[in-house]
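The values are calculated or read from the model by the stated rules, or taken from the named source; none is laboratory data. Predicted, not measured: the structure shown is a model, and the values here were computed from it. Note that we place each Cβ from the backbone using ideal geometry, even for glycine, and neighbour counts take in every protein chain shown.
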Amino acid sequence: MVRRLVNNQLLQLANALSKEILREPGVLFWGILFPILMSIGLGIAFTKKTDVLRKVAVIMNPDHNPGDTLNNFSVKSFLETYCERIHDPSDKSDTWKYVLTNRKLGNSVFYFTPMDWDQAMIMLKRGTLNVIIKENDEMPEYYFDPQNPDAQLTYIKLSSVIGGDSRQTNENDINIKPLMIAGTRYIDFLIPGLITMGVMMSCMWGISYSLIEKRSKKLLRRLVATPMKKSNFLLALLTVRIMMNFAESLILLIFAVLAFKIRIQGDPTSLILVFLAGNLAFCGIAIFVSSHTSNTEVGNGLINAVTYPMMVLSGIFFSYHNFPGWSIKIIQALPLTILTDAVRSVFNEGAGFRETALSFMILISTGAFFFAAGLKIFKWH
């Protein structure tokens, strides 16, 4: 009777599979410890930061000295009376800092930087700032994308402290100048990021996971007996994946052009070259990541270790300048950040090959390095 109640076969199988998993340290690390480490890092980035930083461009009056901001009394008086003047030795102009305190919602720290219109538009397209203040008949005008919620919130908070105007945005606010020209909208910022993120995800999962799964199923072992070269096999994977990425990105681009009137303001040839370099970089990284392991769970962890941090940090959905200042240089060195910044510069800033040449060389070198390293340590089984 007892034997019928106890399924010895099930217990033995469960015991054997449990020991098999415990013998793989990589499974425990990527399945348990890595998510905890990610949650700690993202938790510190998003929950420990009590002050929200908002950068605002103040258009300089050309009739005044570079150090002046506006001739407008209300704005100039506000900056000089209530704001802390910060001098940056690396920049010729000063910046004014104002802290709007709120114990329940957290503080909002505004940085007002005087600059000309062209410079402000470039920073707006890059997502570094989202509101521009300009003088018109002694009244401040606010330029921002009305479809950007963060820009709207910035305007509401600014209008409540400059001139004491606490009105909400409505169609009668004549001091609001919507920016709907190509390159300044949030969708213009988002589409290039989605294209580059698609390149990374397609390469990492399409190449890395495919190789790891084939190795785990002993399919790669059968290829050893053929006269095929290892380099030709990996180059074939790389070529097919790049062709698929071109097709997928082209479909997304055509949709964005038809649905959102997206325009490529720069050199299309430079865009193609940078896009190709980004594909080579992530194909090389994908081959390196999948060159040795045959465990799919470890492979999932390795792929996520590459994709998740860059997907969050590299400015796909929001500007990476929102992160702490000490981390900006590190973020800018990530392959996805380099690719995204270069693609956005062609889309929104009219960049050509001269502006994207450095990014092109870095991405090509990254791909060549990781491909060579992956080819060196690649194993069939």
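Condition first: in the same structural domain as VAL346 (by TED's automatic domain parsing), part of a loop (DSSP other than H, G, I, E, B) and loosely packed, with under 12 Cβ neighbours inside 10 Å. Can you find one or more residues in segment 229-238 that meet it? Taking every residue of segment 229-238 in turn, at least one turns out to be in the same structural domain as VAL346 (by TED's automatic domain parsing), part of a loop (DSSP other than H, G, I, E, B) and loosely packed, with under 12 Cβ neighbours inside 10 Å. Inclusion of SER327 among residues that are modelled with pLDDT under 90 and either over 28 Å from GLY266 (Cα atoms) or among the β-branched types (Val, Ile, Thr) (or both) is warranted. Can you find, within segment 330-345, the residue that is nearest to MET197 (Cα to Cα) among those that are modelled with pLDDT under 95 and among the β-branched types (Val, Ile, Thr)? Once the filter is applied, the top-ranked residue is ILE331. If you go through segment 117-145 and keep only what is surrounded by fewer than 21 Cβ atoms within 10 Å (Cβ to Cβ), touching a Lys or Arg at 6+ places or on another chain (Cβ under 7 Å) and without any contact (Cβ under 8 Å) to a residue 60 or more places away in the chain, you end up with just GLU141.
Within segment 301-339, the set of residues being of a type in the set (Gly, Ala, Ser) and surrounded by fewer than 18 Cβ atoms within 10 Å (Cβ to Cβ) comprises ALA305, SER319, GLY325, SER327, ALA333. From the list LYS261, LYS230, LYS217, the one residue that fits, being of a type in the set (D, E, K, R) and either without any contact (Cβ under 8 Å) to a residue 12 or more places away in the chain or touching a strand residue (DSSP E or B) at 6+ places or on another chain (Cβ under 9 Å) (or both), is LYS217. In this entry, VAL274 passes the filter for residues that are within 24 Å of LEU363 (Cα to Cα) and either surrounded by 14 or more Cβ atoms within 10 Å (Cβ to Cβ) or at pLDDT below 85 (or both). The residue of segment 188-217 that is surrounded by the fewest Cβ atoms within 10 Å (Cβ to Cβ), among those that are within 13 Å of the chain's Cα centre (by Cα) and of a type in the set (Gly, Ala, Ser), is GLY198. Looking at ARG185, ARG221, just one residue is surrounded by fewer than 18 Cβ atoms within 10 Å (Cβ to Cβ), modelled with pLDDT of 75 or more and out of contact with any Cys (no Cβ under 9 Å at 6 or more places or on another chain), and that residue is ARG221.
A residue that is small (Gly, Ala, Ser), in contact with a Ser or Thr (Cβ under 8 Å, 6 or more places away or on another chain) and either within 30 Å of HIS381 (Cα to Cα) or in a loop (DSSP other than H, G, I, E, B) (or both) cannot be found anywhere in segment 331-347.
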